Amino acid sequence: MKFVDPIKLAALAFAAALILAWQGLADLRLISPIFFPSPARAIDVLISRMADGSIWVSLAATSVRMAFGWMLAAAVGVVVGAAIGSSRLARELLDPTLEFIRPLPASAVIPVAILFLGLTNAMSLTVIAFGAIWPVLLASVYGFSSVQRELQDVAHVLGFSRREFLQKVAFPSALPDIMSGLRVSLAIALILTVVTEMQSSLPGLGWDIFFAQRSYRSADLYAGLILLGLLGFVANYLILLIERRTLRWRNLGT
Amino acid sequence: MRRGMLGSIIPVMILCAWEILSRTGTLPFDAFSRPSDIALAWLSSLMDGSLLLATWQTFETALLGLAIATIVGVLTGAMLGLMPIAERITSPTIEALRPIPAVAFMPLSLMMFGFGVGMEASIVAYACVWPILIVTIGAVRAIERRLLEVAEALELSFPARLWKIILPAAFARINVGLRIAAAIAVVVAVTVEIVLNPRGLGYHLVLAQQSLKVGLMYAQLFWLCVIGYLLNAALRNVGGRSTRILGSV
């Protein structure tokens with residue numbers, strides 16, 4: 001039998017102590033229960049909302065919105081990135097324009113998107129995809145444009161067609177870059193999901209938090225925050241798993 | 001030179017097509033406006049100072065938030081970097097807080113600070129503190145052991161050790177985190193303004209859209225691109241220079 005790592009135990013104790021201190025301060029009314037309701041109340045809200053099922057609706061709405069926006073960004077980002085990355089002319093034509101648009105805060109396109117699409121799911125998806133596309137796109141451009149010289153020579157010697165080269169050599173070689181781009185994109189997608197839900201009253205956790213504040217139910221607000229944190233954590237963990245799985249071949253040779 | 005020429009072909013083509021299609025009535029004016037109108041709206045908002053005032057409001061808040069995040073992040077990061085055990089004990093808590101999107105705290109900080117600089121700066125600070133914290137921990141941990149031993153031999157106090165040994169030695173790497181955080185600061189500030197806070201560039205952008213001043217809206221969007229581009233260029237420059245100076249210490 002193995003002993004539990006004392007550091008891990010201490011880490012757990014630290015987190016627990018923080019929560020307990022908060023609970024104690026809230027119970028003693030040292031901090032305002034309006035702003036900082038005790039953790040027990042937030043958990044109560046979480047449990048009761050799980051029981052009546054309303055939380056799953058919000059969680060599902062937010063997850064689906066985030067996933068769809070992200071997948072849209074991923075698909076467009078990888079394909080366009082491959083097109084730009086594998087052609088020098090395309091890079092010279094488009095790089096300056098991309099560099100100019102990239103620093104634009106993604107939320108700044110919300111007003112434009114509302115103008116064209118109204119307060120709809122299509123608007124939300126457009127904004128999420130617009131914001132989340134940059135890390136994938138840039139990573140994909142970089143990945144496809146920096147295929148090793150030797151690999152290019154091998155493909156040339158083997159008489160690969162352009163499509164074969166992209167498929168069998170360039171894409172696998174760009175995959176590590178693309179995967180790390182995808183991970184950054186996912187975090188951005190979650191942020192924009194919350195922002196668009198707040199901005200245009202679309203159902204989901206972002207709107208729940210916003211509405212909880214408007215009706216001064218701060219325990220609900222914290223319950224929403226906890227769930228959002230969990231969602232972010234799980235999403236990041238899932239993509240790390242996918243990354244490790246798809247990139248396993250890289251570690252086999254070494 | 002050739003690169004600049006090639007790079008401007010596509011934007012110029014888009015702008016010309018936009019202007020022509022708008023003049024011929026193919027693109028509805030009330031949603032697309034047209035480049036000449038956007039340029040006029042940009043000039044007039046620049047002339048009457050409203051654009052510059054909004055820009056200042058956004059930057060002021062972003063800087064305040066960034067300053068708070070820098071102080072908190074560097075101090076905490078330096079301590080955690082020096083004490084690996086403390087770092088391992090706190091890291092699950094940090095990893096649990098980090099994935100919560102900063103913008104999700106908007107309602108909470110609105111309740112605590114009301115509209116204004118405070119709520120926006122607090123969100124910016126929350127968003128910026130994580131990259132600074134994590135980079136600082138790594139940077140401090142990578143400091144050469146001998147430098148810390150010298151500090152110990154000289155019996156420097158903790159502030160003196162921090163100021164004279166740790167920060168100079170770790171600065172080049174902390175700087176990377178600061179640059180990432182600075183870009184995040186402006187983005188988060190604009191986002192808070194768009195969703196909630198009635199001040200700065202983000203709010204003016206929403207206002208222009210809601211009052212159907214479409215030309216002004218595009219002008220402000222363009223302005224945001226310009227600012228972001230200049231900021232990124234400036235950060236790259238500053239980063240390079242200060243690293244060179246301090247890197248030689």
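Read-outs throughout are calculated quantities, based only on the coordinates presented, and are distinct from any laboratory measurement. The shown structure was predicted, so the numbers you read here are calculated from the model rather than taken from an experiment. A quick note on method: Cβ atoms are made from the backbone with ideal geometry, for glycine too, and the neighbour counts reach across all protein chains shown.
Scan segment B:157-176 and tell me whether some residue there is assigned to a loop (DSSP other than H, G, I, E, B) and either under 17 Å from B:LEU66 (Cα atoms) or not polar (S, T, N, Q) (or both).
For segment B:157-176, residues assigned to a loop (DSSP other than H, G, I, E, B) and either under 17 Å from B:LEU66 (Cα atoms) or not polar (S, T, N, Q) (or both): absent.
Pick from A:PRO103, A:PRO135, A:PRO111, A:PRO96: which is not polar (S, T, N, Q) and not in a helix (DSSP H, G or I)?
One residue alone meets the criteria, A:PRO103.
Which fully enclosed helices (runs of 4 or more DSSP H) of segment B:1-88 have 2 or more residues being closer than 30 Å to B:TRP130 by Cα?
Those helices (runs of 4 or more DSSP H) span B:50-82.
Scan segment A:1-41 for residues that are of a type in the set (Asp, Glu) and part of a loop (DSSP other than H, G, I, E, B) and report the count.
Within segment A:1-41, residues that are of a type in the set (Asp, Glu) and part of a loop (DSSP other than H, G, I, E, B) number 1.
Residue by residue, here is whether (1) hydroxyl-bearing (Ser, Thr, Tyr); (2) away from chain B (no Cβ under 11 Å); (3) crowded, with 22+ Cβ neighbours inside 10 Å; (4) assigned to a helix (DSSP H, G or I) holds:
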{"site": "A:GLY159", "(1), (2), (3), (4)": "no, yes, no, no"}
{"site": "A:GLN167", "(1), (2), (3), (4)": "no, yes, no, yes"}
{"site": "A:MET179", "(1), (2), (3), (4)": "no, yes, no, yes"}
{"site": "A:VAL184", "(1), (2), (3), (4)": "no, yes, no, yes"}
{"site": "A:ILE191", "(1), (2), (3), (4)": "no, no, yes, yes"}
{"site": "A:TYR216", "(1), (2), (3), (4)": "yes, no, no, no"}
{"site": "A:LEU228", "(1), (2), (3), (4)": "no, no, yes, yes"}
{"site": "A:ALA235", "(1), (2), (3), (4)": "no, no, no, yes"}
{"site": "A:ILE242", "(1), (2), (3), (4)": "no, yes, no, yes"}
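Is it true that some residue in segment A:233-250 is of a type outside the set (A, V, I, L, M), farther than 28 Å from A:ALA113 by Cβ and in contact with a Phe, Trp or Tyr (Cβ under 6 Å, 6 or more places away or on another chain)?
No.
Here are A:VAL154, A:VAL78: which of them is of a type in the set (Val, Ile, Thr) and surrounded by fewer than 19 Cβ atoms within 10 Å (Cβ to Cβ)?
A:VAL154
Report whether or not A:SER201 is out of contact with any helix residue (DSSP H, G or I) (no Cβ under 9 Å at 6 or more places or on another chain), under 30 Å from B:LEU207 (Cβ atoms), within 14 Å of chain B (Cβ to nearest Cβ) and not acidic (Asp, Glu).
So A:SER201 fails the test.
If you go through segment B:185-209, how many residues are surrounded by fewer than 24 Cβ atoms within 10 Å (Cβ to Cβ), in a helix (DSSP H, G or I) and more than 8 Å from chain A (Cβ to nearest Cβ)?
Total meeting the criteria: 2.
State which residue is surrounded by the most Cβ atoms within 10 Å (Cβ to Cβ) when the search covers only segment B:131-157 and only residues that are over 11 Å from B:LEU82 (Cα atoms) and free of Cβ contacts under 8 Å to residues at least 12 places away in the same chain.
Among those residues, the one meeting the criterion is B:LEU156.
Residue check: is B:TYR229 free of Cβ contacts under 8 Å to residues at least 12 places away in the same chain, within 14 Å of chain A (Cβ to nearest Cβ), in a helix (DSSP H, G or I) and more than 26 Å from B:SER109 (Cβ to Cβ)?
yes
Of a type outside the set (Lys, Arg), more than 14 Å from chain B (Cβ to nearest Cβ) and in contact with a Gly (Cβ under 7 Å, 6 or more places away or on another chain): does that describe A:ALA40?
It is false that A:ALA40 is of a type outside the set (Lys, Arg), more than 14 Å from chain B (Cβ to nearest Cβ) and in contact with a Gly (Cβ under 7 Å, 6 or more places away or on another chain).
Can you tell me which condition A:ALA170 does not meet? The list is (1) within 20 Å of B:ILE100 (Cβ to Cβ); (2) touching a residue at least 40 places away in the same chain (Cβ under 8 Å), and all the others hold.
(1)
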